[in-house]
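Below: one structure, written as structure tokens.
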């Protein structure tokens, strides 16, 4: 059976909030499925702050506030990186051969791995770390 734990990234939140975004329909379908199938959703404080900043700058400050209010009232589990998570992310970043891996992506992978979250929902380039896979809509 497939795990119903999914880690959400900035790109998915941004696409879901911005109706003009080219991935809006796909992001909407993700969130519909998450609700209907009772997925456990996770994200981290860095992702929330990055999404808020993007919305504030690119769309409007009031929508940024609405996003923050909605996140705090939602059932999305917010993960707070500990020092050990940050060290694990740095170790991964140093060991990973590709220069395309960023520290925030390595931190997401470390946080997800520590909490046995096997799927990452993102529209950004995906680095398969710790056996994690990209979340896809079931056919």
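The values are calculated or read from the model by the stated rules, or taken from the named source; none is laboratory data. From a predicted model like this one, the values you see are computed outputs, not experimental measurements. A quick note on method: Cβ atoms are made from the backbone with ideal geometry, for glycine too, and the neighbour counts reach across all protein chains shown.
Selection over the range 1-22 of residues that are more than 15 Å from the chain's Cα centre (by Cα) and either touching a residue at least 60 places away in the same chain (Cβ under 8 Å) or exposed (fewer than 13 other Cβ atoms within 10 Å of the Cβ) (or both) gives a count of 6.
The rows are residues; the columns are (1) modelled with pLDDT of 95 or more; (2) farther than 25 Å from residue 116 by Cα.
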site: 7; (1), (2): yes, no
site: 13; (1), (2): yes, no
site: 21; (1), (2): no, yes
site: 40; (1), (2): yes, no
site: 44; (1), (2): yes, no
site: 49; (1), (2): yes, no
site: 65; (1), (2): yes, yes
site: 78; (1), (2): yes, no
site: 83; (1), (2): yes, no
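Candidates in the range 106-133 are the residues that are crowded, with 17+ Cβ neighbours inside 10 Å and at pLDDT below 90; of these, the one that is nearest to residue 34 (Cα to Cα) is 132. Kindly indicate whether residue 136 is under 14 Å from residue 5 (Cα atoms) and free of Cβ contacts under 8 Å to residues at least 24 places away in the same chain. Yes: the conditions hold for residue 136. The single residue among 3, 60 that is more than 23 Å from residue 127 (Cα to Cα) and out of contact with any helix residue (DSSP H, G or I) (no Cβ under 8 Å at 6 or more places or on another chain) turns out to be 60. For residue 40, the conditions (1) in contact (Cβ under 8 Å) with a residue 24 or more places away in the chain; (2) farther than 19 Å from residue 134 by Cβ; (3) over 12 Å from the mean Cα position of the chain (by Cα) are fulfilled apart from (2).
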